[in-house]
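Working notes for the structure below.
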Amino acid sequence: MSAVATPVPFGARYATTPGFVALFSEANSLVEQTAAYLDGAGRRDAASLEPEAAHAYAQEGMRLTTRLMRLMSWLILRRAVADGDMTPEEADAERRKSMGFVEPTPTLETIAMLPETLGALIGAAARLELRILHIDASEALDAPRPSPVRRELSLLRAAFSGQAQTPRKASRGLVAPPAVNANGDYSPGQMMGA
């Protein structure tokens, strides 16, 4: 007799892998590099910029730090779940707060106005964000979803057990397909054209 293998969700395992440790380390290093630049050489670079470029520098510096804080938050949440400090549900609720918004990436024209080091840091953060968003999307695929087959089977069971609902009359014979509510359950279709 063979046992049915249950797949291990990607998200549940990823935070314990060497790849995650390397990603966490890379992100942390980028945060440190950014802070060192913005507090040191970046201040000197900003002082020598024309007003329009200085404005772009301030705006993009804030966007960069915001982006890095969101990415570190995501990584810390994953590590907290792996360490048993948070449940996956708690982490997911926090994740939705931090990952619900993606900072816009500056245009090439804006990047050209910025000091080279800031442009390189922005590029590194954008690449890191793309990797994390890809991982986040992969984890979303692990989430349970309502099965339309189960819905149909339950309707068939109800019909053959004598518990079927009274057929709905629709004007013009049109009935909308079932809709999925916020809990992932199906609700009966609404009559169309009534």
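Where a number appears in this text, it was derived from the coordinates with a stated rule and is not lab data. Since we're looking at a predicted model, the values are computed, not measured. We place every Cβ from the backbone using ideal geometry, glycine too, and count neighbours over all the protein chains shown.
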Taking every other residue with Cβ under 9 Å from the Cβ of Val102 and scoring Lys and Arg +1, Asp and Glu -1, one gets 0
Note: Arg13 to Ser73 extended length (0.36 nm per residue) minus current alpha-carbon separation gives 19.8 nm
Once both label points are put 7 Å beyond Cα along the C-beta direction, the Glu116-Ala36 separation in nm becomes 1.8 nm
Counting Lys and Arg as +1 and Asp and Glu as -1 over every other residue whose Cβ sits under 10 Å from the Cβ of Leu114, the net charge comes to -3
Among Thr105, Val21, Gly61, the residue whose Cα sits farthest towards the positive end of the charge dipole of segment 10-141 (+1 at Cβ of Lys and Arg, -1 at Cβ of Asp and Glu, taken about the Cα centre) is Val21
So for R0 = 41 Å, FRET eff. of His134-Ser161 from the Cβ-Cβ r, to 0.05, ends up at 0.35
Around Asp39 (Cβ within 13 Å, Cβ-to-Cβ, excluding Asp39; K/R +1, D/E -1) the net charge comes to 0
If every Lys and Arg gets +1 and every Asp and Glu gets -1 at its Cβ, then about the Cα centre segment 15-142 yields a dipole, in debye to the nearest 20, of 80 debye
